[in-house]
Amino acid sequence: MATAVGRTSITNTTFYLHILESSIKSRSLANAKTIHQHFLKQNLNYSSIILDKLTRVYISFHHLHLAHRVFDKIPYPERKNNVLLWNQLIRAYAWEGPFDHAINLYLEMTQSGVTPNKYTYPFALKACSAIQDIELGKTIHDRVKSEFLDDDVYVCTALVDFYAKCGLLEDARQVFDKMSNRDVVAWNAMIAGSSLHGMYQKTMKLIEEMQDAGLRPNSSTIVAILPAIGEASELMQGKAIHGFSIRNRFNNNVVVGTGLLDMYAKCEHLDYTRRVFDTINVKNEVTWSAMITACVAKDSSMEALKLFNQAIVNNNGNISPVTLSTILRACANLSNIKTGRCIHGYSIKLGFISHLTISNTLLSLYSKCGILQDTMRFFYEMEFKDTVSFNSIISGCVQNGDAGIAFNMFEKMKKLRINPDMETMIGFFPTCSHLAALKHGACGHGYAITQGFTKSTKVCNAIIDMYSKCGKINLGRLVFDRMNTRDVISWNAMIFGYGIHGLGFEAITLFENMLKDGFNPDGVTFICVLSACSHSRLVEKGKDLYYSMNEKFQISPKIEHCLCMVDLLGRAGLVSEAHEFILEMPLTPDVRIWSALLGACRIHKDFNLGEEISRKIKILGHESSGNFVILSNMYSTAKRFDDAARTRVIQKEKGFKKIPGCSWIEIDGNVHMFVGGDKSHPWWVLIKRRLDELLVGMKELGYDGDYGFVLQDVEEEEKGHILLYHSEKLAVAFGDVSLRLGKSIFVSKNLRVCVDCHTALKYMSMIMKREITVRDTIRFHHFKDGSCNCGDFW
């Protein structure tokens, strides 16, 4: 082609027009581009006719950026009078996007003196509805009235469609009712708008009105009403529409078939969904995507992966960003990082990686698979980020136990002026819970109120949990009492909060109120209430609740419930009974069960049983360093330092590292963290001086360090220093030198408070004349005037 053009050097316009027309018919974009290149290389003068034809060629091949560039080269007089070409380019943008280009082109058209015709307005209105530009759409409506086109069925149908898609259904109905001639397309526009906004009853009423007007629904009508039926889960109505489609042979239409498939999926009938899918002879990309989405929604992620592989083969690799995003969700559900990485690479190959939907789903995938480093790396590589991006990273960090990063991300989000939404706050409150960042949590609560988020039960549940874990159980109860709607999770959160604060009687009372209000407890409810009994030494009540699970509520105890019972009996000193319970429990005890009993043996100094349990744990395999620490502590308490040392050597050989004790405290909205023995804090000199002063005061009151918690075989004086610099003592001392006199101190710790620190903090509360609250991994300890609310039972 190129050789022929170059050889003959033909400048005949008719010849070029003929070749360009042939390019369209033969679907050969290369030929059209060759002609274009020839004109550029030879520096030939374009005629307006050639430019017009070349614009249409590029439009037909969906190369709108090239079409627009050629269109702009048409001389103004010819371009001004060529309304048809303006319409074609506006129409192309309105259908394919970018939609704002259609809007800009329409405005350029009107501002340059070109008079739109009745075909221009529907295209411009379609673009307005796509980007929800209501103001411009109404301006076009006013212009339509001024040109007396407000009775034209084509223009009015476009207005109905615009108003309906923008959610202005009353405006759409006003235009619709004024139409003197309403055809099936006009009715379909009204029906589709109602269906789009989930208005099932109104949609079905419109169908009746349409039939009363003597018009019969067509395949487009069926496609329009199916979303409303699906959203309302009206399965019987959906089946009736399906039958109507079969009788009228609409089901052979791939769009109708896909709509039926989607309707059954929303009605949660995956078997019907698959049956419809299998009957569709020619499936398009949307059909495959709908079926894959249905599988993921119904937790059939393995089936979704199989369908995705088939879709790639059947569609010659033609996969949309929506489908890729959905299959990444399937990988996240399965924690299938290998396939997820492959899809990531495939997205890059297809050029879809910049799509926010795909990027955000990849963030979610890496987070759920626990690969936080990759999550963060990909997050910073993303060119564009929105609220969903930050939500994914915040929730991912919380799930992986890195609340500090989640907190920083929330702060960064605000600096970038990206407004947190409801999902952001649901992820943010657990961050405050973990860090015990009460001030930030309270600010978040205020923001949630102003944004109307507290109408959501999920948000209120997160706020209750936040206040409970930040030591403000009374504020948690206030939120609970003011909730408009509660679910089982609300009750569980409040019962759990009472439990960790050692308020067992309040937890049981709330559980009884839950039953009176008609809520059925679930397995989690019993974990919360049994744990509350354990913290408050309510042994008999705990036993009654445990045995009522199966007998009264038909809930079979799981390993977590058995663990609560072993913990309840063990803490109360009923070590032998706890042992018998394990031997008779209906489930095979795992390492956690035996570890709980080992902990009870250490507390109550039953060394013989403790050694027997440690042998069982050794056979089952250690889950973490915790069992080694308990056993080593037990030997140290019995002054069997050689056995303690041997245990630590075995721990090291097995590759288990002791988790360092870490405590943190919030002062003026800033979270300060301390590790045992850490001297790096800027206020270290003041902290050390205050600890030395406190040690003197505590000894005067009778304090004597419990050196059994010093695992090293060192001199007594050195043991005293090791104990003095435990992380919670450092945090409390920092709080004492930072806060005004009388203000309470709140500290969180990543491990259980040791016996020595517990004793020391009771003395400190007397010396400081402050209330000291310490939240460890088990419960809250409220120290006041030399005593703790746990009654030394934890």
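The values are calculated or read from the model by the stated rules, or taken from the named source; none is laboratory data. Treat the numbers as computed from the prediction; the structure is a model and nothing was measured. Cβ atoms come from the backbone with ideal geometry, glycine included; neighbour counts cover every protein chain shown. Quick note on the areas: whole protein, heavy atoms, side chains included, nothing else; ligands and nucleic acids left out. Shrake-Rupley method; radii C 1.70, N 1.55, O 1.52, S 1.80 Å.
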Checklist line | Mean separation of Cα contacts under 8 Å, 6 or more apart, over the residue count of the chain: relative contact order % | finding: 4 percent
Checklist line | Projected label distance in nm at N181 and K306, using a 7 Å step from Cα toward the beta-carbon | finding: 5.4 nm
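Note the direction-averaged projected area, equal to a quarter of the hull surface, for the Cα convex hull of the range 286-331, in nm².
Working: hull surface 10.3 nm².
Computing the convex hull of the Cα atoms and averaging its projections yields 2.6 nm².
With only alpha-carbon pairs counted, each pair once and no self-pairs, how large is the Kirkwood hydrodynamic radius of the range 72-213 in angstroms? Mind showing how you got there, number by number?
Working: mean 1/r = 0.0639 Å⁻¹.
After inverting the pairwise mean of 1/r, the radius is 15.6 Å.
Can you compute the charge dipole magnitude of the chain about its Cα centre, using +1 on each Lys and Arg Cβ and -1 on each Asp and Glu Cβ, nothing else charged? Give it in debye, rounded to the nearest 20.
Details: 90 positive and 82 negative charges, 364 e Å.
Dipole about the Cα centre, nearest 20: 1760 debye.
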Notebook entry, point to check: Which of V732, W288, N391 sits farthest toward the positive end of the charge dipole of the chain, with +1 on the Cβ of Lys and Arg and -1 on the Cβ of Asp and Glu?
Noted result: W288
Item checked: Furthest towards positive pole of dipole, I495, L538, N474, structure part the range 470-544, Cβ charges -> N474
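Dividing the Cα radius of gyration by the Kirkwood radius, what Rg/Rh value follows for the range 404-517?
Working: Rg = 14.3 Å, Rh = 14.4 Å.
Looking at the range 404-517, the ratio lands at 1.00.
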Notebook entry, point to check: Tally Lys/Arg at +1 and Asp/Glu at -1 over every other residue whose Cβ is under 11 Å from the Cβ of L307; what's the total?
Noted result: +2
Check: Mind checking the dipole of the range 729-794: about its Cα centre, +1 per Lys or Arg Cβ, -1 per Asp or Glu Cβ, Debye to the nearest 20?
Finding: 180 debye
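Within the set of other residues whose C-beta is less than 12 Å from the C-beta of G497, count the net charge using Lys and Arg as +1 and Asp and Glu as -1.
Values: positive: K469, K472, R477, R775, R779; negative: D465, E506.
Taking every Cβ under 12 Å from that of G497, the sum is +3.
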Next item on the list: Count neighbours as other Cβ atoms within 10 Å of each site's Cβ, and list the chymotrypsin sites (Phe, Trp or Tyr not before Pro) in the range 115-167 that are DSSP loop with at most 12 such neighbours.
Entry: F148
Check: Can you tell which of I508, W664, L206 lies farthest toward the positive end of the dipole of the chain, using +1 and -1 charges on the Cβ of basic and acidic side chains (Lys, Arg; Asp, Glu)?
Finding: L206
Item checked: For the range 246-359, size of Cβ-based charge dipole, Lys and Arg +1, Asp and Glu -1, in debye -> 120 debye
Notebook entry, point to check: Quick one: accessible area per residue over the range 72-153, 1.4 Å probe, rounded to a whole number of Å²?
Noted result: 51 Å²
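Given the DSSP H assignment, sum -39500 (n - 2.57) over each helix run of at least 4 residues in the chain and divide by its residue total; what's the result at 222 nm in deg cm²/dmol, nearest 500?
Values: 44 runs with 545 residues, N = 794.
-21500 deg cm²/dmol, from helical runs alone.
Can you tell me the accessible area per residue over the range 726-794, all protein chains present, probe 1.4 angstrom, in square angstrom? Let's see the in-between values first.
Numbers: 2450 Å² over 69 residues.
Heavy-atom SASA per residue in the range 726-794 reads 35 Å².
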Next item on the list: Taking only protein heavy atoms into account and a 1.4 Å probe, give the accessible area per residue of the range 342-479 in Å².
Entry: 44 Å²
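What number comes out for the charge environment of T361, summing +1 per Lys or Arg and -1 per Asp or Glu over other residues with Cβ under 12 Å away? If you can, show how the numbers build up before the last one.
Values: positive: R329, K368; negative: none.
The answer is +2.
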Next item on the list: Would you mind telling me the antiparallel percentage of the DSSP bridges in the chain, rounded to 5?
Entry: 80 percent
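Within the chain, what is the longest stretch that has no GluC sites (Glu not before Pro) placed in a DSSP loop and near at most 10 other beta-carbon atoms within 10 Å?
Numbers: sites that count: E383, E715.
Counting only loop sites that pass the neighbour cut-off, the longest clear stretch is 1-382.
For each pair in K165/K298; K126/K165; K298/K368, compute the distance between the two Cα atoms and list the pairs where it is over 21 Å. Working shown, then result.
Numbers: K165/K298 29 Å; K126/K165 9 Å; K298/K368 18 Å.
Cα-Cα > 21 Å for K165/K298; rest within.
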Note to self: Ignoring ligands, DNA and RNA, please state the percent of accessible area on the chain from carbon and sulfur, probe 1.4 Å.
What the structure shows: 52 percent
Notebook entry, point to check: Just one of [x] 37.0; [y] 76.9; [z] 45.5 is mean projected area of the Cα convex hull in nm² calculated from these coordinates, so which is it?
Noted result: [z]
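Count neighbours as other Cβ atoms within 10 Å of each site's Cβ, and list the chymotrypsin sites (Phe, Trp or Tyr not before Pro) in the range 335-431 that are DSSP loop with at most 16 such neighbours.
Values: sites: Y346, F352, Y366, F378, F379, Y380, F384, F390, F407, F410, F428; in loops: F352, F384.
Filter output for the range 335-431: F384.
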Check: Say each of V255 and A240 gets a label point 7 Å from the Cα, pointing the same way as Cα to Cβ; how far apart are those two points in nm?
Finding: 2.5 nm
